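This report concerns only the one structure given below.
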Amino acid sequence: MEETKSLAIYQEKPDDALPQTMVSEICCRICLDAGTENLISPCLCSGTGKYTHESCLKTWVLVKFPRLDGAQCEVCKSFYVMSVKSTCRCSVKHGIDEEFTYCCSIPILISILIAIGVILYIICAYHLDFKNKKAFSIAILALCIISAIGCLLLLIGSIYKSFIKFDVKHWNIESHAEQTNNSNII
């Protein structure tokens, strides 16, 4: 009954700040505590589900989105705007421990590239006849070159995924109010 009164007071005076009884009810939707940390509203949710502590939301995001990509609110489905500062480093241990499949594909791709190179050399040296079979020779040559380029791109991707590691140094989630203020400035 008292909650209805405070809502009625707020509705009568919309320009005033929230009554003290309403302010004390606003809490983090994750830990359900108002706490001393500032509450942010990182998405398009409204009502009491609008607010959360940044630290609580960070913990939740790390559980649901370990790589921090595509993090979004489960209720309103809006994506969180995050600023992430990371460093890039080469780590052989990371590749062996976490990206073992990519590490195993590297020698296989190198073998395939060598085989394509040998086949390309043999075809060029002994079987290509640009005078009598021009279309056939160009098609065979193009097929070998496209296969070599595709295999080379896969090899570069495997090396990158195996040995390049990004370490997040600092990240934070912007409040939805800050997002709209920043977009109005631009």
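The values are calculated or read from the model by the stated rules, or taken from the named source; none is laboratory data. Source: prediction; values computed, not measured. Cβ sites come from the backbone with ideal geometry, for glycine too, and all protein chains shown count toward neighbours.
Restricting attention to the stretch 91-119, which residues are among the aliphatic types (A, V, I, L, M) and farther than 17 Å from Leu154 by Cβ?
Val92, Ile96, Val118, Ile119
Can you pull out every residue in the stretch 40-49 that is of a type in the set (Ser, Thr, Tyr) and part of a loop (DSSP other than H, G, I, E, B)?
So the first thing to find is which residues in the stretch 40-49 are of a type in the set (Ser, Thr, Tyr), and the list is 41, 46, 48.
Listed by number, the residues that qualify are Ser41, Ser46.
Condition test on Ala177, is it at pLDDT 80 or above and among the small types (Gly, Ala, Ser)?
Working: at pLDDT 80 or above: no; among the small types (Gly, Ala, Ser): yes.
Taking the combined requirement at face value, the residue does not satisfy it.
Is at least one residue of the stretch 99-115 charged (D, E, K, R) and either closer than 14 Å to Phe163 by Cβ or in the same structural domain as Arg67 (by TED's automatic domain parsing) (or both)?
From the stretch 99-115, those charged (D, E, K, R) are 99; that's our starting set.
Those left that are additionally either closer than 14 Å to Phe163 by Cβ or in the same structural domain as Arg67 (by TED's automatic domain parsing) (or both): 99.
Within the stretch 99-115, one or more residues are charged (D, E, K, R) and either closer than 14 Å to Phe163 by Cβ or in the same structural domain as Arg67 (by TED's automatic domain parsing) (or both).
For residues in the stretch 30-76 being surrounded by fewer than 12 Cβ atoms within 10 Å (Cβ to Cβ) and of a type in the set (A, V, I, L, M), which is farthest from Glu98 (Cα to Cα)?
The qualifying residue farthest from Glu98 (Cα to Cα) is Leu32.
Might you check whether a residue that is basic (Lys, Arg), modelled with pLDDT of 80 or more and surrounded by 10 or more Cβ atoms within 10 Å (Cβ to Cβ) occurs anywhere in the stretch 1-15?
First, the residues of the stretch 1-15 that are basic (Lys, Arg): 5, 13.
Filter once more, keeping what is modelled with pLDDT of 80 or more: none.
No, the stretch 1-15 contains no residue that is basic (Lys, Arg), modelled with pLDDT of 80 or more and surrounded by 10 or more Cβ atoms within 10 Å (Cβ to Cβ).
If a residue counts only when it is of a type in the set (Gly, Ala, Ser), which helices (runs of 4 or more DSSP H) contained entirely in the stretch 50-149 have at least 3 such residues? Even if it seems obvious, please write down each step before you answer.
Values: elements: 54-64, 92-98, 100-122.
In the stretch 50-149, the matching helices (runs of 4 or more DSSP H) lie at 100-122.
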